[in-house]
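*Asks:* My structure is below; once you've seen it, I'll send some questions.
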């Protein structure tokens with residue numbers, strides 16, 4: 001039931017791009033993306049909803065493919081501050097905040 | 001606006017003891033969810049509260065319980081602590097329940113170590 005994220009880890013140089021994928025075995029109603037730095041709280045990045053609505057961080061883009069039950073997070077022109085572990089959380093569309101979080105992707109941006 | 005606050009930030013307990021963790025949501029937020037984070041299992045949903053009512057519960061034993069007060073502050077309690085309960089316990093608040101539309105904002109967490 002836990003969404004699977006890929007890759008598990010990625011190392012980038014500043015300015016490079018990365019894509020993080022989140023795949024679910026269940027139908028997706030909403031996908032929430034968070035970034036967590038070591039020892040800190042997860043920080044909200046973006047919500048993607050079934051039907052195409054999105055809201056979140058201006059400099060981050062993402063996609064939501066209902067048929068493939070997959071979401072992808074696109075990090076372009078990466079900065080050092082992008083380093084951290086990225087999590088996707090899937091919602092079931094009901095009146096609940098319960099999220100099922102993915103396995104996480106560790107992103108390291110080097111100078 | 002102040003963010004989500006959790007107290008205490010760090011806690012060390014021994015097996016068999018019980019512990020209470022506290023979470024104060026962002027002002028105006030009425031929904032609080034709790035998650036357990038461990039290296040092996042990742043982020044796992046514990047429970048969700050709105051208007052002092054538990055709306056949802058994860059797959060955790062009955063030793064894990066929680067409550068929400070009229071001011072939206074929430075506490076979770078773990079009784080008869082086990083070594084496997086060592087984890088970072090995160091609280092998240094949002095304005096309303098309903099994951100489809102609401103951002104959830106996490107607190108810094110309480111790091112619980114059970115010896």
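*Asks:* I need the full set of residues from region A:46-74 which are in contact (Cβ under 8 Å) with a residue 40 or more places away in the chain and under 10 Å from the mean Cα position of the chain (by Cα), in order please. Explain how you work it out, then say what you get.
*Replies:* Just the residues of region A:46-74 that are in contact (Cβ under 8 Å) with a residue 40 or more places away in the chain, to begin with: A:50, A:68-74.
Residues satisfying the conditions are A:71, A:72, A:73, A:74.
*Asks:* Next question, about the same structure. Sort out which residues of region B:64-85 are within 19 Å of residue B:40 (Cβ to Cβ), touching a strand residue (DSSP E or B) at 6+ places or on another chain (Cβ under 6 Å) and surrounded by fewer than 16 Cβ atoms within 10 Å (Cβ to Cβ), and write them in order of number. Talk me through it step by step, then tell me what you get.
*Replies:* Start the filter on region B:64-85 by keeping residues that are within 19 Å of residue B:40 (Cβ to Cβ), which leaves B:64, B:78, B:81-85.
Checking which are touching a strand residue (DSSP E or B) at 6+ places or on another chain (Cβ under 6 Å) leaves us with B:64, B:78, B:81, B:83, B:85.
Correct list: B:83 only.
*Asks:* Filter region A:46-62 down to the residues that are surrounded by fewer than 16 Cβ atoms within 10 Å (Cβ to Cβ) and modelled with pLDDT of 85 or more and list them by number.
*Replies:* Listed by number, the list holds a single entry, A:61.
*Asks:* Could I ask something else about it? Conditions: (1) away from chain A (no Cβ under 14 Å); (2) farther than 13 Å from residue B:25 by Cα; (3) within 15 Å of the chain's Cα centre (by Cα); (4) buried (at least 17 other Cβ atoms within 10 Å of the Cβ). Residue B:114 meets all but one. Number of the miss?
*Replies:* The number of the failed condition is (3).
*Asks:* Here's a follow-up. State yes or no: is residue B:58 within 12 Å of chain A (Cβ to nearest Cβ), at pLDDT below 95 and crowded, with 17+ Cβ neighbours inside 10 Å? Please lay out each step first, then the result.
*Replies:* Details: within 12 Å of chain A (Cβ to nearest Cβ): yes; at pLDDT below 95: yes; crowded, with 17+ Cβ neighbours inside 10 Å: no.
Against the criterion (within 12 Å of chain A (Cβ to nearest Cβ), at pLDDT below 95 and crowded, with 17+ Cβ neighbours inside 10 Å), residue B:58 does not qualify.
*Asks:* Residues of region B:31-54 being surrounded by fewer than 18 Cβ atoms within 10 Å (Cβ to Cβ) and farther than 22 Å from residue B:84 by Cβ, which ones?
*Replies:* B:51, B:52, B:53, B:54
*Asks:* Another question, then. Just need a number here: residues in region B:1-46 that are facing another protein chain (nearest Cβ under 9 Å) and within 19 Å of residue B:96 (Cβ to Cβ).
*Replies:* 7
*Asks:* Hey, can you tell me all the residues within region B:8-30 that are over 12 Å from residue B:86 (Cβ atoms) and not in a strand (DSSP E or B)?
*Replies:* B:8, B:9, B:16, B:17, B:18, B:25, B:26, B:27, B:28, B:29, B:30
*Asks:* Consider residue A:79 carefully, then state whether it is in contact with a strand residue (DSSP E or B) (Cβ under 7 Å, 6 or more places away or on another chain) and more than 14 Å from chain B (Cβ to nearest Cβ). Steps first, please.
*Replies:* Details: in contact with a strand residue (DSSP E or B) (Cβ under 7 Å, 6 or more places away or on another chain): yes; more than 14 Å from chain B (Cβ to nearest Cβ): yes.
It is true that residue A:79 is in contact with a strand residue (DSSP E or B) (Cβ under 7 Å, 6 or more places away or on another chain) and more than 14 Å from chain B (Cβ to nearest Cβ).
*Asks:* Return yes or no: is residue A:14 closer than 20 Å to residue A:106 by Cβ and more than 10 Å from the chain's Cα centre (by Cα)? Don't jump to the end; show me each part of the working.
*Replies:* On the way: closer than 20 Å to residue A:106 by Cβ: yes; more than 10 Å from the chain's Cα centre (by Cα): yes.
Yes; evaluated as a whole, the condition is true for this residue.
The values are calculated or read from the model by the stated rules, or taken from the named source; none is laboratory data. Fair warning: this is a prediction, and the values are worked out from it, not measured in the lab. So basically every Cβ, Gly included, is an ideal-geometry build from the backbone, and we count neighbours across all protein chains shown.
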